[in-house]
Amino acid sequence: MSEEVRVDTVVVGAGNAALCAAIAAANEGADVLVLERAPEAKKGGNSFFTDGAIRFAFNNGLVDLRLVKQDMSEEEAAKIQVEPYTEENYWEDFNRMTEGKCDEELVRNLISNSFDTILWLKENGVAFEMNYDNQSFEQNGMYHFFGGNPMKVVDKGIGLMAFLNKRLEGLSVPVWYNSRATEVIQEKGRVTGVNVEKDGQTIQVHANSVILACGSFEGSKEMRGTYMGSQWAGAIVRGTEYNTGDGLSMALDAGGVKHGDWSDCHSISTDFNAPRVGDFEKPGDIFKKHSYPYGLMINTEGKRFVDEGADIRNYTYAKYGKEVLKQPGNKAYQVFDHQVRHLLRKEYELDEATKYEAKTLEELADQLDVAKENFFETVKAYNAAVQDGDFDPSKKDGKHTEGITPPKSNWAQELKEGPFYAFPVTCGITFNFGGVLVSQHGEVLDDQRKPIEGLYAAGEMVGGLFYHNYPGASGLMSGAVYGRLAGKAAAAFAKNDSTQV
Ligand SMILES: Cc1cc2nc3c(=O)[nH]c(=O)nc-3n(C[C@H](O)[C@H](O)[C@H](O)COP(=O)(O)OP(=O)(O)OC[C@H]3O[C@@H](n4cnc5c(N)ncnc54)[C@H](O)[C@@H]3O)c2cc1C
């Protein structure tokens, strides 16, 4: 292999954002090379581990969804009840989740491109289906979809990456595995390529444009400690071990600036015994524990610490991971009774799930690592605080507690019918909220908000979108939208500027 290579556009990373960028650039006629740090057996980044849920605006309700899934039969369509999820609804969710802090220009750009990008993904071979398991309830033969993201990719993140890789192959775009980009090369203020470590060699890849789509720093214990605090050393990394902040460092070294909240991240309640980093043999997001709105979360001191029913899980799960991290031993139990057992998501049934079951609360507590007296006192106080009302899992039912802290604002029913169940959870980090500042075309901007010529970023590297919390399933959409935009812009830049390399 030669030690110098020339292409129009080089894409760093081979996750969702990177492959969308590579496909978009190749569709524009650019000569593209993709560099991936992981070995081929561990390809796909965080995107491979996802549930494949992807949030997009569909202003025309089911009519739009049927454009995405064109093989939906009349029979299936007749049983679907779904409200339109407009661009304004999407914006309101972003604004509310991020407490008004998100970068409105970047977020509105994401939202206004979301439906068109879903259709583009479909045209490029990605298949979608209705997310019956996680986003709907069956009532009188009808499936009621809730929460604004009724569709997912067929076969989750595994399917997404297979579809995108197939398209890339069709476009004859090469991917180099075991190839870690280490530095963006610049000459006279503009980007001219990247240095890559491949099989012990340093190779210069010359390119007119460089797209960095190589994740954030969730996989780096050191960077988590530096930016988020030493307690984050204890978090499980839900996805790839390879997102250790290389892209962010390269972008900053090239003159980019930080954007968004580098001290916060997306994190969830995950099985206490989940692998410490994502296991490529066990993808499919099988360790998450998202059914806490129907039960209680109790720490090892026997105390509750969040309002489990503050909202539907789409709008609380991404901020409750860090609350679990704050508990002694980074541990808590999700506790349920027989009344809601059938409502728990599929992951609770898997062999991989750690679970305890007992006929009585006393027998359950005997199996747990909890301060028993406090545990019983907590459940007793909670049961006494539950107000009358109809329990309804299909919506925020307003059935709440009074007089306890924290309250439970919805789905509060007494924990009283055995058998009882407990699932131990800890905090799993998904990705960081902090990134770099980009333009609406994915150009990396400098401290004067001017594009660094030839440099683009996408996916987790885009800063300013998420603060505090996250509208579930927006990560894949962000990666697809900004990947596609960056790919298109980088290809146009490369072709207009081919004298430069
Ligand atoms: C378990 C789990 C479930 C999730 N479920 C969902 C979901 O259902 N819906 C949703 O919207 N989001 C979900 N997310 C979030 C989602 O995964 C991310 O938002 C998104 O996939 C990030 O895409 P990306 O392309 O930016 O990064 P990635 O997919 O992580 O790709 C980055 C790639 O860059 C490579 N890389 C890193 N450094 C270098 C380097 N120096 N040189 C070359 N390559 C490098 C990495 O190896 C990796 O392959 C989930 C995440 C996890 C972990």
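Panel values: region 277-363, Kirkwood radius from alpha carbon pairs, Stokes-Einstein at 37 °C and 0.692 mPa s, translational diffusion coefficient 231 µm²/s. Kirkwood radius and radius of gyration were both taken over the C-alpha atoms of the chain, and their ratio Rg/Rh is 1.00.
Packing, as the average of other Cβ atoms within 10 Å across residues, places the peptides 145-151, 302-308 in the order 145-151, 302-308, highest first.
Measuring between their Cα centroids, region 466-483 and region 332-359 lie 29 Å from each other. The magnitude of the dipole of region 267-428, with charges of +1 and -1 set on the Cβ of Lys/Arg and Asp/Glu and taken from the Cα centre, is near 480 debye.
Distance between the C-alpha centres of region 32-103 and region 399-432: 28 Å, rounded to the whole angstrom.
Rolling a 1.4 Å probe over the protein heavy atoms of the chain, with every protein chain left in place, gives an accessible area that is 45 percent carbon and sulfur.
Applying both filters, DSSP loop and at most 13 other Cβ atoms within 10 Å, to the trypsin sites (Lys or Arg not before Pro) of region 409-496 gives LYS416, ARG449. In region 267-428, inverting the average of 1/r over every pair of distinct C-alpha atoms gives 15.7 Å as the Kirkwood radius. Each of GLY147, GLN334, ALA457 was scored by the projection of its Cα onto the charge dipole of the chain, and the greatest displacement toward the positive side belongs to ALA457; charges sit on the C-beta of Lys, Arg, Asp and Glu. Database remark: amide H of VAL11 closer than 5 angstrom to the amide H of LEU33, VAL34, LEU35, ILE211 (H placed geometrically; neighbours at sequence offset of 5 or more, or on other chains; Pro and chain starts carry no H).
Distances between placed amide hydrogens fall under 5 Å for SER179 paired with GLU36, ARG37, ALA38, all partners being 5 or more residues away or on another chain. When only alpha carbons of region 444-501 are considered, Rg and Dmax amount to 13.8, 45 Å.
Per the Kirkwood definition applied to all pairs of different Cα atoms, how many angstroms is the hydrodynamic radius of region 220-294?
Numbers: mean 1/r = 0.0701 Å⁻¹.
It works out to 14.3 Å.
Restricting attention to the chain, close to 70% of DSSP beta bridges with both partner residues there are antiparallel. In terms of accessible area, using a 1.4 Å probe and ignoring ligands and nucleic acids, LEU248, LEU361 rank largest first as LEU361, LEU248. Counting only alpha carbon atoms, the long axis of helix 372-385 and the longest principal axis of the chain meet at about 80°.
Computed over protein heavy atoms with a 1.4 Å probe, the accessible surface of region 16-141 works out to 40 Å² per residue. A simple spin-label model places the labels of GLU352 and VAL63 4.1 nm from each other, with each point 7 Å out along Cα-to-Cβ. Here is the list for region 1-75: GluC sites (Glu not before Pro) lying in DSSP coil, each with at most 16 other C-beta atoms within 10 angstrom of its C-beta, are GLU3.
Here is the P(r) of region 79-190: all C-alpha pair distances, binned every 5 Å from 0, give 2, 9, 12, 14, 15, 16, 13, 9, 5, 2, 1, 1, 0, 0 in whole percents.
Considering region 15-154, its Cα convex hull presents a mean projected area of 10.5 nm².
A simple rule links phi to the HN-Hα coupling: the Karplus curve 6.51 cos²θ - 1.76 cosθ + 1.60 with θ = phi - 60°, which for region 409-414 gives 8, 9, 6, 8, 10, 4 Hz, with x for Gly and Pro. Over region 416-470, the Kirkwood radius and the radius of gyration, each from Cα atoms, give a ratio Rg/Rh of 1.38.
The values are calculated or read from the model by the stated rules, or taken from the named source; none is laboratory data. Computed from a predicted structure; not experimentally measured. Glycine gets a Cβ as well: all are built from the backbone with ideal geometry, and neighbour counts include every protein chain shown. Surface accessibility is based on the protein's heavy atoms, side chains included, excluding ligands, DNA and RNA. Shrake-Rupley method; radii C 1.70, N 1.55, O 1.52, S 1.80 Å.
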